[in-house]
Amino acid sequence: MTQSEPLALFSLNAISFMGSDLARPECAMAHRSGAVFVPDWTETGGVTVIAPDGTCVRHLVRHHTPAAKAALDGPLRGNGICLLDGGDFLIAHLGDKTGGVFRLSVDGRLDTFLTHVDGAPLPPSNFVTVDEQDRVWITVSTRKVPRGAAYRSDVADGFVVLTGTEGGEGRIVADGLGYTNECLLHPDGKRLFVNETFARRLTSFAVARDGTLSDRQTVAGFEAGTFPDGLAFDVNGDAWITSIVSNRVLRVSDRGAEIYLQDVDPEHLDWVEQAWRNHAMGRPHLDKAAGRVCKNVSNLAFCGPNLRQAVLGCLLDKRLPMIDMPVAGHQPIHWTFNIEPLKTALKF
């Protein structure tokens, strides 16, 4: 992290929007072409593409392989998504009882990618990302069913799984996390950063050559009302965090954690905060959009020609907020991936 200038709070009146009729666009990914990708929770399941001209094209599951059909107990419920070179996607399945990561091919075929670890089925899975060494990092927030039983500070059964881009066997490389959410390798390649949503902290691990994690450290603990979910890095190596419930965007730098955007209904936030402190938080506390403009902001992706804008994933909106950023984002690995096969297949 570098010496950072203090942030000025972003005006809600300056927020613009992209997309329409989206189905739980929790995780947004931006590409150099101007396309933005989000998970799709319609009954068919898949990914929605927001084309550079603003039109939305649904990339739906058209065919299940026998393995995928056997692994799912209902529709594909994509939470985190990961673009691969060539236009395929890895999708973290957040089912009610089942999880795992699936691969959605350009032609709409859904296959399993990783459904078991250490001989056991993966619980409902939160996030998936790939790094420059072709390592795939997967987070599972909790082993508890339903997941709402882990919306508390005294539960720490989330974990991180590591595998390769060819799938096959995976291994748990970090465990005992307080509702593991998005994770991302720092631009210097030395540490993996992980959001622990209901432990309310950003954690990092040293990464060995083989992907083994060690030296767990707390990068930042967050104040009342901040429940860290999304994670991205800027060109300075500073972390940008999104918070569900409070609709906050924060920067974590040498200056600590600073709020850049927030859209908070104080009464609603007090209700959620009291429930969290009393270990009584549940789905009703997440399923109400209480902001004036934002509807449960969950992730952030730098975008635009110079990576000086950000698009925000949302749990409860049908469109995506967009904001200007005070600094350019670090170019993610998928920024320059070839998506021509996908553009040809979907005609966008």
So how strong a dipole does the chain carry about its Cα centre when Lys and Arg Cβ are +1 and Asp and Glu Cβ are -1, to the nearest 20 debye? 500 debye
Interchain or sequence-distant (5+) residues whose placed amide H lies within less than 5 Å of the amide H of HIS64 are LEU110
Give me the one-decimal nm value for the distance between modelled label points at ARG277 and ASN236, 7 Å along each residue's Cα-to-Cβ direction. 3.3 nm
Can you give the Rg and Dmax of the chain based on its C-alpha atoms, in angstrom? 18.4, 54
Could you tell me which of GLY237, ALA301, HIS334 has its Cα farthest along the dipole of the range 196-348 towards the positive end, charges placed at Cβ (Lys, Arg +1; Asp, Glu -1), taken about the Cα centre? HIS334
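In whole angstrom, how long is each semi-axis of the equivalent ellipsoid of the range 1-118, when you take the square root of 5 times every eigenvalue of its Cα gyration tensor and sort them from largest down?
Numbers: eigenvalues 177, 62, 39 Å².
The equivalent ellipsoid of the range 1-118 has semi-axes of 30, 18, 14 Å.
Can you figure out the FRET efficiency of GLU267 with HIS63, using R₀ = 45 Å and their beta-carbon distance, to the nearest 0.05?
Details: r = 48 Å, r/R0 = 1.06.
Once rounded, the FRET efficiency stands at 0.40.
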Partner lysines for LYS97 [C-alpha distance under 29 Å; skip if fewer than 8 residues away on the same chain]: LYS69, LYS144, LYS288, LYS295, LYS318
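Over the range 262-348, what portion of Cα pair distances is larger than 16 Å, expressed as a whole percent?
That tail contains 67 percent of the Cα-Cα pairs.
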For the chain, which whole percent of the accessible surface, found with a 1.4 angstrom probe, sits on carbon and sulfur atoms? 47 percent
Under 15 Å from a label point 7 Å along Cα→Cβ of LYS318: give me every residue in the range 25-52 with its amide N that close. 25, 41-43
Per residue accessible area of the range 103-200, 1.4 Å probe, in Å²: 36 Å²
What is the distance in Å between the Cα centroid of the range 156-203 and that of the range 21-38? 22 Å
Based only on Cα atoms, what Rg/Rh ratio does the range 195-348 have, Rh being taken as Kirkwood's radius? 1.01
Quick shape check on the range 62-190: root eigenvalues a ≥ b ≥ c of the Cα gyration tensor, a/c under 1.5 is rounded, otherwise prolate if a/b tops b/c, else oblate, and it reads oblate
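Helix-only mean residue ellipticity at 222 nm, the chain, DSSP H runs n ≥ 4 weighted -39,500 (n - 2.57), per residue, nearest 500. What is it?
On the way: 3 runs with 25 residues, N = 348.
When only DSSP H runs of four or more count, the value is -2000 deg cm²/dmol.
Would you please give the FRET efficiency between THR55 and ASP215, computed as 1/(1 + (r/R0)^6) with r the Cβ-Cβ distance and R0 = 41 Å, to the nearest 0.05?
Details: r = 46 Å, r/R0 = 1.13.
Once rounded, the FRET efficiency stands at 0.30.
The values are calculated or read from the model by the stated rules, or taken from the named source; none is laboratory data. Keep in mind it's a predicted model, so treat the numbers as computed, not measured. Neighbour counts are summed over all protein chains in view; Cβ atoms, including those assigned to glycine, are modelled from backbone coordinates with ideal geometry. Side chains are part of the model used for accessible areas, which takes the heavy atoms of the whole protein and leaves out ligands, DNA and RNA. Shrake-Rupley method; radii C 1.70, N 1.55, O 1.52, S 1.80 Å.
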